[in-house]
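Structure first, then comments.
The values are calculated or read from the model by the stated rules, or taken from the named source; none is laboratory data. Bear in mind that the values here come from a model prediction, so they are computed numbers and not experimental data. All Cβ positions, glycine included, derive from the backbone under ideal geometry; neighbour counts span all protein chains shown.
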């Protein structure tokens, strides 16, 4: 349906959430994810969106292929029903994406210690690969931290992040290359 409409690009279809999906979600960098909670066992359905949020900050819609409890549906950014017509599906996807992009960052949302470490490295001119090697983490984890830093600070450029690091006493002027 999405391919036929041409408005959205399907960048991947994931069958489950094992460890390899982390790399896929971070590599694909989707704007929205449509997930069927019924693929999870009953005990983990309530945490499906939380599990997805560990890997990406994309909006997450539930695809209800069977009746689901209201508590499970509340965790998602919206719900698509199995019998929804294409126009309703498109409207729900657009709404979820708009709400996600309009959601302001939380006031007082501070950078985590790891995000501060990554920010310091970025301000010092290090590449993602160098940062990953330094902290023994994957390059995709570095990219996710950088996305979170950008979301929390609202700053998108390396120069802006460097100024932020200087103003917040995370680095001194002598350590900037």
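Things worth noting here:
- Subset of the stretch 106-131 (residues that are assigned to a loop (DSSP other than H, G, I, E, B) and surrounded by 15 or more Cβ atoms within 10 Å (Cβ to Cβ)): 111, 124, 126
- Yes/no for residue 134 being surrounded by 12 or more Cβ atoms within 10 Å (Cβ to Cβ) and within 23 Å of the chain's Cα centre (by Cα): no
- Candidates 90, 137 - the one that is in contact with a helix residue (DSSP H, G or I) (Cβ under 9 Å, 6 or more places away or on another chain) and part of a helix (DSSP H, G or I): 90
- Yes/no for residue 156 being part of a helix (DSSP H, G or I), surrounded by fewer than 17 Cβ atoms within 10 Å (Cβ to Cβ) and not assigned by TED's automatic domain parsing to the domain that holds residue 30: no
- Any hit, the stretch 124-142, residues being at pLDDT below 90 and over 17 Å from residue 56 (Cα atoms): no
- Of 33, 23, 52, 72, all but one fail to be under 13 Å from the mean Cα position of the chain (by Cα), assigned to a helix (DSSP H, G or I) and modelled with pLDDT of 70 or more; the exception is 52.
- Boolean, residue 16 is loosely packed, with under 13 Cβ neighbours inside 10 Å, outside the structural domain of residue 133 (by TED's automatic domain parsing), at pLDDT below 85 and touching a helix residue (DSSP H, G or I) at 6+ places or on another chain (Cβ under 7 Å): yes
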